[in-house]
Amino acid sequence: MKLELSDAQKQARLRFREFVQQRVAPYAGGWDREERVPLDVIDQLRSHGYLGAPLPVDSGGGGMDAITYGLLTEEIGRGCSSLRSLLTVHDMVAFAVRRWGNAELKAGLAARLGSGEALCALALSEADAGSDAASVRTEAVREGDEYVITGRKKWITFGQIADFFLVLARLEDKLTAFLVPSTTPGFSRTPMHGIVGTRASLMAELEFNGCRLASRHLVGRPGFGLSHVFSTALDLGRYSVAWGAVGIAQACLDACLEYTANRRQFGVPLRDHQLIQRKLTDMIVNTRAARLLCYRAGYLREIGDAEAMAETLVAKYFASQAAVSAANDAVHLHGGNGLTEDYPVARYLRDSKVVEIIEGSTEIQQITIARNPPGEL
Amino acid sequence: MADNRKARIKEFLSRFFRNHELKDDEDIFALGFVNSLLALQLVNFLEGEFGFTIEDDELDFENFRTIQNMDALIERKTSAAGVAV
Ligand SMILES: Cc1cc2nc3c(=O)[nH]c(=O)nc-3n(C[C@H](O)[C@H](O)[C@H](O)COP(=O)(O)OP(=O)(O)OC[C@H]3O[C@@H](n4cnc5c(N)ncnc54)[C@H](O)[C@@H]3O)c2cc1C
């Protein structure tokens, strides 16, 4: 067993870190307050090849290996979870379309999705269908060579600006996936405001009012929409969110190491108090443990091991809770300042709760992991 | 060759079907163990283990219903592509 990044991976991490330190982290608090990631930073992601990075080069993507992609996601997540969530949703949809889309659909589109020229979002959840994804009510009807989609979706990250939506609908009661362009007549979106976590992620509610699609927009076969198409997307989404959670935990640690070194109470820096050291130690250890689980999941993805999905669940489950715990302690260690917008830790806490709820909440992971435990190391 | 392939599939599935000796013609969906995670893991396993890609129009539960059917799918895919398994 050798657990070490290659030189190329270490260099990539430095590049990602520099990008985030210069162009993301200093502005993330402002984006959060304004509830919007600016379009020019999305252009920068594109021009650096950070959108579609894990997709193969032959479909316009960056061909990034799973570990390097993890490092990218951690670094972006360390600076801004809202921006990280764009990578998550875009990549998971582009990846699933590349995997299960038909040749005709991909011919005109793969390169645009792979490069991030066209942005994708995932439209699964509805007002009455969250954890129980199979209960979606959006309906698809076949009419000749076309499909007509009718229904509403809620909580769609980057739904305000995405160009394509991967939509889960019922076709003759079979769960089926479609790729719906935002230009389809009958499609409309309403921005959602006042969400307290990943507040800058341009969330929207979507309405499909008799959206008529050519048959090539069917992704996978009818009945395989959730089990294969969305599961492919969600698997990558969980991998991405797990790394994003490591990013939040690391950001909390960075903030706390600095704050507790500078803030003095009872005549010494906070970090000299043993009860503070206990919190810092838990944060250090949990962050490292979460990252190691992500490395393990990434390694298995890289070698194409069938265990990768199960190991990714474990990583997401642990890392998201590590992020919440680190953020909770981070706010606490900052005392009153932790509850102000002068410090980023309150944002980290709000964002960490999101990663514990999305891509399968903690309880849903508990159910799934117990039923599908990964095999021996 | 086919026996060896079936044994490899059976070994993979046995982790999910603990305490059940799975037969080659047994319907794995009817046994009630297959959730959506396993369904996709099975696709990934067959692709990785036997070196081919399952296309969108090959998503058919019949292909995955029994070890026998999976073996027939592998046979079709690999003989078409000239892959040795
Ligand atoms: C910031 C944010 C971004 C999102 N982005 C997207 C997106 O881009 N696309 C999209 O489709 N959706 C998105 N969602 C929706 C998200 O996927 C759902 O919120 C999530 O699946 C949980 O569903 P729910 O909110 O309906 O909660 P519910 O399913 O109602 O769950 C409520 C609580 O009950 C628990 N629970 C549910 N079932 C069980 C059970 N069987 N046993 C024990 N406990 C259970 C849950 O864990 C949770 O704690 C987003 C949500 C948020 C908050």
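The values are calculated or read from the model by the stated rules, or taken from the named source; none is laboratory data. Keep in mind it's a predicted model, so treat the numbers as computed, not measured. Cβ sites come from the backbone with ideal geometry, for glycine too, and all protein chains shown count toward neighbours. Side chains included, ligands, DNA and RNA excluded: accessible areas come from the protein's heavy atoms. Shrake-Rupley method; radii C 1.70, N 1.55, O 1.52, S 1.80 Å.
Looking at (1) open to solvent by 10 Å² or more (accessible area, probe 1.4 Å); (2) more than 16 Å from the ligand (Cβ to nearest atom); (3) outside the structural domain of A:Ser201 (by TED's automatic domain parsing), which is the only condition A:Asp145 fails?
(3)
Report the residue count in segment B:15-25 for those that are open to solvent by less than 60 Å² (accessible area, probe 1.4 Å) and out of contact with any helix residue (DSSP H, G or I) (no Cβ under 8 Å at 6 or more places or on another chain).
Residues that pass the stated criteria total 1.
How many of the residues making up segment A:221-253 are open to solvent by less than 20 Å² (accessible area, probe 1.4 Å) and either under 30 Å from A:Arg13 (Cα atoms) or more than 14 Å from chain B (Cβ to nearest Cβ) (or both)?
21
Which pairs do you get when a residue that is open to solvent by less than 90 Å² (accessible area, probe 1.4 Å), found in segment A:357-377, comes within reach of a residue that is in a loop (DSSP other than H, G, I, E, B) and away from the ligand (no atom under 13 Å from the Cβ), reach meaning Cβ atoms under 6 angstrom, with the pair 6+ apart or on two chains?
Within 6 Å, the pairs are A:Pro374/A:Glu307; A:Gly375/A:Glu307.
Just one of A:Leu213, A:Leu218 is open to solvent by 10 Å² or more (accessible area, probe 1.4 Å) and away from the ligand (no atom under 16 Å from the Cβ); which is it?
Residue meeting the stated conditions: A:Leu218.
Which of (1) away from the ligand (no atom under 16 Å from the Cβ); (2) among the aliphatic types (A, V, I, L, M); (3) assigned to a helix (DSSP H, G or I) is the odd one out, the single condition A:Ala370 does not satisfy?
Just one mismatch for A:Ala370, condition (1).
Which of the residues spanning segment A:28-49 are in contact (Cβ under 8 Å) with a residue 40 or more places away in the chain and either part of a helix (DSSP H, G or I) or open to solvent by less than 10 Å² (accessible area, probe 1.4 Å) (or both)?
Those that are in contact (Cβ under 8 Å) with a residue 40 or more places away in the chain and either part of a helix (DSSP H, G or I) or open to solvent by less than 10 Å² (accessible area, probe 1.4 Å) (or both): A:Ala28, A:Gly29, A:Trp31, A:Asp32, A:Arg33, A:Glu34, A:Val37, A:Leu39, A:Val41, A:Ile42, A:Leu45, A:Arg46.
Hey, could you check segment A:105-142 for residues that are in contact (Cβ under 8 Å) with a residue 60 or more places away in the chain and within 13 Å of the ligand (Cβ to nearest atom) and say which is nearest to A:His90 (Cα to Cα)?
A:Leu119
Before we move on, is A:Ala177 buried (at least 21 other Cβ atoms within 10 Å of the Cβ) and assigned to a loop (DSSP other than H, G, I, E, B)?
When the stated conditions are applied, A:Ala177 does not pass them.
List the number of the failed condition for A:Ala306; all other conditions in (1) over 23 Å from A:His90 (Cβ atoms); (2) of a type outside the set (Asp, Glu); (3) more than 12 Å from chain B (Cβ to nearest Cβ) hold.
The one condition A:Ala306 does not meet is (3).
Mind checking whether some residue in segment A:292-312 is touching a Lys or Arg at 6+ places or on another chain (Cβ under 9 Å), within 16 Å of the ligand (Cβ to nearest atom) and part of a helix (DSSP H, G or I)?
no
From the list A:Gln277, A:Gln265, exactly one residue is loosely packed, with under 15 Cβ neighbours inside 10 Å, out of contact with any Lys or Arg (no Cβ under 9 Å at 6 or more places or on another chain) and within 26 Å of A:Arg347 (Cα to Cα). Which is it?
A:Gln265
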